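So the structure is just underneath, and the comments pick up after that.
The values are calculated or read from the model by the stated rules, or taken from the named source; none is laboratory data. Quick caveat, the model's predicted, so the values are computed rather than measured. Here the Cβ positions follow ideal geometry from the backbone for every residue, glycine too, while neighbour counts run over all protein chains shown. Note: accessible area is taken over every heavy atom of the protein model, side chains too, but ligands, DNA and RNA are not part of it. Shrake-Rupley method; radii C 1.70, N 1.55, O 1.52, S 1.80 Å.
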Amino acid sequence: MTSETSMTPREEELAQAVRGELALFSYPERDWVSGRVGPDGAPMLDVLIVGGGQSGLAVAHGLRRAGVAKISVLDQAGAGREGVWENFARMSELRTPKGLFGMEQGVSALSIQHWYIGQHGRDAWEALTRVPRADWAAYLRWYRETLALPVVSDTMVRDIRKGVDGLIVETMSAGAAKTFHARLVVLATGHDGAGRWAVPEFITSALPASRFDHSNGPIDFAALKGKRVGVLGHGASAFDASVAALEAGAARVDLCFRRKQLPLVNPHRHIETVGMLTHFPELPDETRWNVARHFQRHDQPPAEAGFFAATAREGFHMHAGAPWTYVAMEGDAISVATPRETFMFDHVIAATGYTVDLASRAELTSLAPVIARWQDRYTPPADATQTMLGDFPYIGSHYEFLSRTPDTDDWVSRVFAYNVSAYVSMCPHSTTISGHRFCLPRVLRGITGQLMREETGNVMAALEAYDNVDLVVPAHLQTHIVAD
Ligand SMILES: Cc1cc2nc3c(=O)[nH]c(=O)nc-3n(C[C@H](O)[C@H](O)[C@H](O)COP(=O)(O)OP(=O)(O)OC[C@H]3O[C@@H](n4cnc5c(N)ncnc54)[C@H](O)[C@@H]3O)c2cc1C
């Protein structure tokens, strides 16, 4: 945790307004969770949050507001480098319309709108359609610092195991292993939190690693100067990577995608209703499965800004109905065959999303073998199968993992998967920005509910022991309040 502030005087003023408004909510609520001592003799955390991106920060803030004080947020990234926004997200603006936010959790001074107007003025906000990516990243840093959220950086969670009365969390930081003990854990590990960004095998097996990249990772764009670049995919990241390559001086970019037509309709916008986002987990398995299956088959279009930025550039070429059927090195060039033509490239970028691979996540080492997945709980009709969907965890109604074999390994329900693991169970984008307003309260209730149930044994003893004097009677009245 860093102590010195990186806020501008203007940001400090805005932070003061937040603290003022939070005080109106008598923040912080009284810490009501009784302390426990871990096997190492140190106080146990109530909740350990893995991931200091927008979701981890929002959960930490929500827990504080709920009177759960003994929390810590661990992130493998350096301070201020959490999440996707300044790592491999390359779009100029968020794709979320500016009205769909929720991290402020009812505190208007904490909202992106308040912060943005404070930085750039009301006219700039009125003129805005979507928040610039760099502003969103700066807002998240301000949010974290304003609330003094306990983020521990450069700390990777390597495993989460069953402990006595809680969980054992193994971490590595600067080559040193450290064990944390917590009653509950929240996995706020993002879009690849249930697997990894995946380059198709037909590319990885045909090309040396130096000749391809995944769009959601580091790319040396300067090295693409004067090069012919092939991009596979039609999503936002495909167009953003194309723009970045051309801006870096690439000779040309050919973006290819399998579908006959670029998707133009965004099904995400359709399910952004109070009803769907609030009650989706209560829908029958069949419906939830079919919604996720729909999203697998009807992808969202590329983001407007990236699409127009790419199509406006001379060296950009787009090819629909152009799946890559064969990839091979041909001399020093890369030959890529499609049904209609063969391309020659110097480098390829796979904007091919992620694959569910729980075993590939270090933090899931002990969890992956014992958590329930959709394939364990739901068998779709023959005409409704969908690869990958069955691998997603089948999680409980508050984002908690469920054990694969009921009545054994119940400890897994101490872990809340507030990340892409929730894709099928909680709707395809419950942990994105537009889901926060509806989905944060659900995970927070799950956490406080578990902690409160574990308080049951203390309720009466604490109540009977409660002796905080409420009425301070002055000395001259002392004799009058007691019978002779
Ligand atoms: C390119 C891109 C653009 C997107 N644009 C939008 C958008 O415009 N609007 C929208 O609503 N959504 C968008 N999303 C989806 C989603 O909002 C983002 O993925 C967002 O980053 C999710 O925030 P998060 O905090 O859940 O996860 P992340 O921001 O990914 O943060 C997860 C954090 O967990 C840390 N972590 C992971 N594993 C470990 C571990 N084992 N130990 C310690 N730390 C760990 C990571 O270092 C990271 O900092 C986008 C996603 C991508 C990839």
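Some values worked out for this structure:
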quantity	calculated
Cβ-based net charge around residue 186, under 14 Å, with every Lys or Arg adding one and every Asp or Glu removing one	+2
Placed amide H near residue 354: partners under 5 Å, 5+ positions off or other chain	198
At 1.306 mPa s and 10 °C, Stokes D of the chain from Kirkwood alpha-carbon radius, µm² per second	64
Accessible area in square angstrom per residue, the range 321-395, 1.4 angstrom probe	42
With at most 12 neighbouring Cβ atoms within 10 Å, loop GluC sites (Glu not before Pro) (DSSP) excluded, longest segment of the chain	5-313
Accessible surface, the range 14-109, averaged per residue in Å² (probe 1.4 Å)	39
Interchain or long-range residues, amide H under 5 Å from residue 186's placed H	48, 49, 50, 416
Amide H contacts under 5 Å for residue 93, placed H, 5+ residues apart	133
Highest average packing first - 149-155, 204-210, 292-298, Cβ atoms within 10 Å	149-155, 292-298, 204-210
The chain, relative contact order in percent, only Cα pairs under 8 angstrom and at least six apart counted	17
Average Cα contact separation per residue, the range 314-431, under 8 Å, 6 or more apart, as relative contact order %	15
J(HN,Hα) series, the range 414-431, from Karplus relation 6.51 cos²θ - 1.76 cosθ + 1.60, nearest Hz, glycine and proline x	7, 10, 9, 9, 8, 8, 5, 4, 7, 3, 7, 5, 10, 5, x, 9, 6, 9
Heavy-atom accessible surface of the chain: percent carbon and sulfur, 1.4 Å	55
Accessible surface, the range 401-484, averaged per residue in Å² (probe 1.4 Å)	55
The range 366-394-the range 169-211 distance, computed between alpha-carbon centres (Å)	21
